[in-house]
Amino acid sequence: MAIEDMVKQLDELIEKAEKILGKRLVYGDPELGEAEILANRLETAVTRLTMQGSMYGQQLKRGSGYSSEGRLQHNVQVATTLRDDLNAGWTETVVELVHADTYSDYLEMAEALLNKGYKDAAAVITGTSLEVHVRALCVKNHVPIAVAGRPKKADTMNGDLKKAGVYDGLQQKQLTTWMDLRNKAAHGDYASYDKDQIGAFIDGVRAFMMKYPA
């Protein structure tokens with residue numbers, strides 16, 4: 001997902017929230033229920049668009065015990081901060097930017113190959129990009145990338161990142177599925193997947209790399 005799309009999503013939710021906050025809500029007002037829903041949607045959006053353990057997530061937790069209206073106000077402030085930081089480019093380190101540019105180039109190459117009918121080559125390039133990114137994530141989060149002097153396999157690093165709390169079990173399972181797809185392409189099992197699956201593979205890996213920069 002591009003930065004502009006992230007900002008657009010946050011803008012839409014913030015605008016809706018500010019309309020509710022501009023009214024004087026009293027106990028029993030039906031819009032208090034809408035305030036709770038919007039507070040949840042803002043929390044989900046911020047969580048989805050940031051890394052686990054980020055300062056934005058920590059700020060969200062501080063408002064968890066507030067009333068519906070208070071929590072909405074608090075989450076709007078967090079979302080507004082994230083939106084402004086995204087616009088300013090302050091959410092990425094220099095290293096993350098370099099990695100992002102490199103991975104973007106490879107994924108664009110994979111996409112171009114896929115569009116020309118080379119789904120197998122596209123799958124291998126995407127899978128390799130994913131493995132390199134997983135290794136970089138381990139380095140960033142101080143997760144060992146070798147054992148007894150031998151590099152760990154991608155699936156092992158994936159499990160280690162989940163144990164370290166970098167991402168949850170659902171994300172780990174998704175990576176396992178992607179890695180299996182990459183292995184099938186690398187070992188010539190070309191009939192086990194189609195072009196649409198590889199297209200979804202590329203899009204999924206791109207979104208994963210943006211959510212969990214290394």
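Just a few scattered comments:
- If you count Lys pairs in the range 121-214 whose Cα atoms are under 19 Å apart, skipping same-chain pairs closer than 8 places in sequence, the total is 19.
- In sequence order, the range 166-174 has phi-based couplings of 5, 8, 8, x, 5, 5, 4, 5, 5 Hz under the Karplus curve 6.51 cos²θ - 1.76 cosθ + 1.60, θ = phi - 60°, and Gly or Pro positions carry x.
- Couplings for the range 11-16, taken from phi via the Karplus curve 6.51 cos²θ - 1.76 cosθ + 1.60 with θ = phi - 60°, read 4, 5, 5, 4, 4, 5 Hz in order; Gly and Pro are left as x.
- Heavy-atom accessible surface of the chain, averaged per residue, reaches 56 Å², computed with a 1.4 Å probe.
- At 0.890 mPa s and 25 °C, Stokes diffusion of the chain via Kirkwood alpha-carbon radius, µm² per second: 128
- Computed over the range 118-214, the range of Cα coordinates on each principal axis works out to 37, 29, 19 Å, biggest value leading.
- Rounded to 10°, Cα long-axis angle of helix 119-140 versus longest principal axis of the chain: 60
- Our coupling estimate for the range 196-202, obtained by passing each phi through the Karplus curve with A = 6.51, B = -1.76, C = 1.60 and θ = phi - 60°, is 5, 5, 6, x, 5, 4, 4 Hz, Gly and Pro reported as x.
- Cut-off under 5 Å, modelled amide H: who pairs with K152 long-range: A146, V147
- With all protein chains in place and a 1.4 Å probe, the accessible surface of the chain carries 54 percent carbon and sulfur.
- Ranked by how many other beta carbons lie within 10 Å on average, peptides 161-173, 73-85 from highest: 73-85, 161-173
The values are calculated or read from the model by the stated rules, or taken from the named source; none is laboratory data. Quick caveat, the model's predicted, so the values are computed rather than measured. Methodologically, a virtual Cβ is constructed for each residue, glycine included, from the backbone with ideal geometry; neighbour enumeration extends over all protein chains shown. We work out accessible area using only protein heavy atoms, side chains counted, and drop any ligands, DNA or RNA first. Shrake-Rupley method; radii C 1.70, N 1.55, O 1.52, S 1.80 Å.
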